[in-house]
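Taking it in order: structure first as structure tokens, then the write-up.
The values are calculated or read from the model by the stated rules, or taken from the named source; none is laboratory data. As the structure is a prediction and not an experimental result, all values here were calculated from the model. Cβ placement follows ideal geometry from the backbone for every residue including glycine, while neighbour counts extend to all protein chains displayed.
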Amino acid sequence: ARKILEVNQMTAGFLVNTDIVKATDRISFDLEKGQTLCIVGESGSGKSVTSLAVMRLIDYAGGMILEGDIKFNGEVLSTKSQEEMRKIRGNRIAMIFQDPMSSLNPVFMVGEQIAESLRLHQNKSDKEAMKAAVDLLRQVGIPSPEVRARQYPHELSGGMCQRVVIAIALACQPELLIADEPTTALDVTVQAQILDLLQQLKKNNDMSIIMITHDMGVAAEMADRIVVMYAGGIMEEGSVHEIFAKPSHPYTVGLLKSIPGFEDSHGEELYTIKGNIPRINELPTGCRFHPRCTHAMDICRKQEPGFFQLGQDHKAACWLYEEHGGDSIVSPAGAA
Ligand code: SF4
Ligand code: MG
């Protein structure tokens, strides 16, 4: 399959006073066309920075890409000028965020905001753009789209607003949609509806998706592949099937155990991984997860683990797999 996105050994960081604080540490992953990749991890794991780096929006947040590169359809993005990036952003790559209100302009009717995006990217006349905007509102499942198009964001519910934001993103027919916690601010029923909508749009529009989430339940529903991040590094990567059937990195196991309803053998319902994510410029020696890991061994405190291949499509950065030929020795969440 064709690779739409390739991230190679990418380190991104921010200048704080005179220090560089890294937010991602030599991360690599690929996304194939038509697939959904979920990047999962707790807040502070570097997943949002990863998406900002791909979009090169990190430049505006006082950050930069320090090492490595990012390719989109084989084209290197990490060295493009912001002017070149503007043509790609909102045109070939679109992004949606957690809070739809922050993406919408309160003083313009929602139909007008979609039409604006169409005029900008597709050179449509005012009348054509407004008609296409109504069509897009219909496509994202908004009832009475002609009426809704003439309403302002505050007249719509949070879920409706997120649908409008998705319609704006779709207006330019992006090849890649990056969605950063797009349902986190919504209630559970609306969340499920928005996830369904994204799945359906991906199929109908031949889009690829990067979904950033702290929620393994969302990842289970959306992902073809999963990348698990912790303190700026990738801990485990695999197909959604491999990650859920054979979670191998102790951090992934911890994330799975924290899914409500994912009971362990003691009937303990909710599990939280003890301790906090370290700041990335104060990483512990060896494995960055070792202070929180119940499996930590001597080597874990001294030497950073590389990736061990666990299956054709599955790898984990954990010393437990050095000698075990890929057999999961961590019992999966829910198992005895
Ligand atoms: Fe735990 Fe060691 Fe694996 Fe790190 S390398 S996750 S400390 S067992
Ligand atoms: Mg985030």
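Key figures
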{"quantity": "Where a residue in the range 38-52 is among the hydrophobic types (A, V, I, L, M, F, W, C) and its partner, wherever it lies, is assigned to a loop (DSSP other than H, G, I, E, B), with Cβ under 7 Å and at least six apart", "calculated": "Cys38/Ala223; Val40/His214"}
{"quantity": "Single condition Ile212 does not satisfy, out of (1) touching a Pro at 6+ places or on another chain (Cβ under 9 Å); (2) away from ligand 2 (no atom under 16 Å from the Cβ); (3) at pLDDT 95 or above", "calculated": "(2)"}
{"quantity": "Any hit, the range 187-197, residues being part of a loop (DSSP other than H, G, I, E, B), charged (D, E, K, R) and touching a residue at least 40 places away in the same chain (Cβ under 8 Å)", "calculated": "no"}
{"quantity": "Count of residues meeting criterion [of a type in the set (Phe, Trp, Tyr) and farther than 18 Å from Phe29 by Cβ] in the range 283-325", "calculated": "3"}
{"quantity": "Which listed residue is without any contact (Cβ under 8 Å) to a residue 12 or more places away in the chain and more than 16 Å from ligand 1 (Cβ to nearest atom), from Arg92, Arg150, Arg119", "calculated": "Arg119"}
{"quantity": "Output for the range 224-241, where each listed residue is hydrophobic (A, V, I, L, M, F, W, C) and either closer than 17 Å to Ser51 by Cβ or within 16 Å of ligand 2 (Cβ to nearest atom) (or both)", "calculated": "Ile226, Val227, Val228, Met229, Ala231, Ile234"}
{"quantity": "Residues satisfying the stated conditions in the range 19-59, i.e. more than 16 Å from ligand 2 (Cβ to nearest atom) and among the hydroxyl-bearing types (Ser, Thr, Tyr)", "calculated": "Ser28, Thr36"}
{"quantity": "Selection status of Glu221, farther than 30 Å from Gly311 by Cα, without any contact (Cβ under 8 Å) to a residue 60 or more places away in the chain, more than 16 Å from ligand 2 (Cβ to nearest atom) and part of a helix (DSSP H, G or I)", "calculated": "no"}
{"quantity": "Residue within the range 45-53 that is on the phi > 0 side of the Ramachandran plot and crowded, with 20+ Cβ neighbours inside 10 Å present", "calculated": "yes"}
{"quantity": "Failed condition for Ser78, given (1) polar (S, T, N, Q); (2) part of a helix (DSSP H, G or I); (3) away from ligand 2 (no atom under 16 Å from the Cβ)", "calculated": "(2)"}
{"quantity": "Helices (runs of 4 or more DSSP H) enclosed by the range 224-336 - at least 1 residues per element that are within 16 Å of ligand 1 (Cβ to nearest atom) and modelled with pLDDT under 95", "calculated": "250-257"}
{"quantity": "Any hit, the range 72-83, residues being hydroxyl-bearing (Ser, Thr, Tyr) and modelled with pLDDT of 95 or more", "calculated": "no"}
{"quantity": "Test: Ser103 is closer than 11 Å to Ile168 by Cα and either in contact with a strand residue (DSSP E or B) (Cβ under 9 Å, 6 or more places away or on another chain) or modelled with pLDDT of 95 or more (or both)", "calculated": "yes"}
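Listed here are the residues, each with its yes/no results for (1) surrounded by fewer than 17 Cβ atoms within 10 Å (Cβ to Cβ); (2) among the small types (Gly, Ala, Ser); (3) assigned to a helix (DSSP H, G or I).
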{"site": "Lys87", "(1), (2), (3)": "yes, no, yes"}
{"site": "Ser102", "(1), (2), (3)": "yes, yes, yes"}
{"site": "Ser117", "(1), (2), (3)": "no, yes, yes"}
{"site": "Asp135", "(1), (2), (3)": "yes, no, yes"}
{"site": "Gly141", "(1), (2), (3)": "no, yes, no"}
{"site": "Gln151", "(1), (2), (3)": "yes, no, no"}
{"site": "Ala167", "(1), (2), (3)": "no, yes, yes"}
